[in-house]
1. Please tell me if Ala61 is touching a helix residue (DSSP H, G or I) at 6+ places or on another chain (Cβ under 9 Å) and within 19 Å of Ala16 (Cβ to Cβ).
2. For segment 73-87, state whether one or more residues are of a type in the set (D, E, K, R), in contact (Cβ under 8 Å) with a residue 24 or more places away in the chain and under 26 Å from Gly11 (Cα atoms).
3. Tell me, which strands (runs of 3 or more DSSP E) wholly within segment 56-127 include 3 or more residues that are open to solvent by 20 Å² or more (accessible area, probe 1.4 Å)?
4. What number of residues within segment 53-72 are among the basic types (Lys, Arg) and within 9 Å of Val91 (Cα to Cα)?
Amino acid sequence: FGIAIAPVPEGSITVAIDIKPGSYPNSINLSSAGVVPVAILSSPTFDATQVDPATVTLAGAKVKLIGKGNKYACGVQDVNGDNLADLVCHVMTADFLIESGDLVAVLEAEMFDGTPIRGEDSIQIVP
């Protein structure tokens with residue numbers, strides 16, 4: 001099947017993510033020049049607002065920078081209605097390291113304290 005599962009960095013925390021919050025399936029058009037939102041979900045034991053946006057990658061794609069500055073296209077909002085603040089970042093579609101047929105996208109990042117995190121969500125590649 002050719003599904004490559006990246007090794008989980010030692011000591012990393014597995015977190016819940018939601019690609020394109022509110023939609024299913026998570027359809028991705030690889031020829032799109034836009035961005036794909038991904039939510040890193042907080043839980044009672046994990047605070048997503050402590051994730052460093054500069055370290056976030058989804059399927060190898062980095063978070064979009066706003067304008068010419070160094071502000072990342074991330075914001076805090078409760079996307080799943082659990083009254084916990086989630087971190088929503090917009091990653092560049094053109095930078096994805098995924099191919100048609102891939103069914104999962106992996107998010108990797110670090111907390112501000114350097115702790116690595118990893119999460120994955122299902123995707124559907126569309127023409």
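The values are calculated or read from the model by the stated rules, or taken from the named source; none is laboratory data. As the structure is a computational prediction, the values presented were derived from the model and not from experiment. As a convention, Cβ positions derive from the backbone with ideal geometry for all residues, glycine included, and neighbour counts pool all protein chains shown. Heads up: the accessible areas ignore ligands, DNA and RNA and are worked out on the full protein's heavy atoms, side chains in. Shrake-Rupley method; radii C 1.70, N 1.55, O 1.52, S 1.80 Å.
1. Judged against the criteria, Ala61 is not a match.
2. Yes, the conditions are met somewhere in segment 73-87.
3. On the way: elements: 74-77, 86-92, 104-110, 116-122, 124-126.
Counting at least 3 such residues, we get 74-77, 104-110, 116-122, 124-126.
4. Of the residues in segment 53-72, 2 are among the basic types (Lys, Arg) and within 9 Å of Val91 (Cα to Cα).
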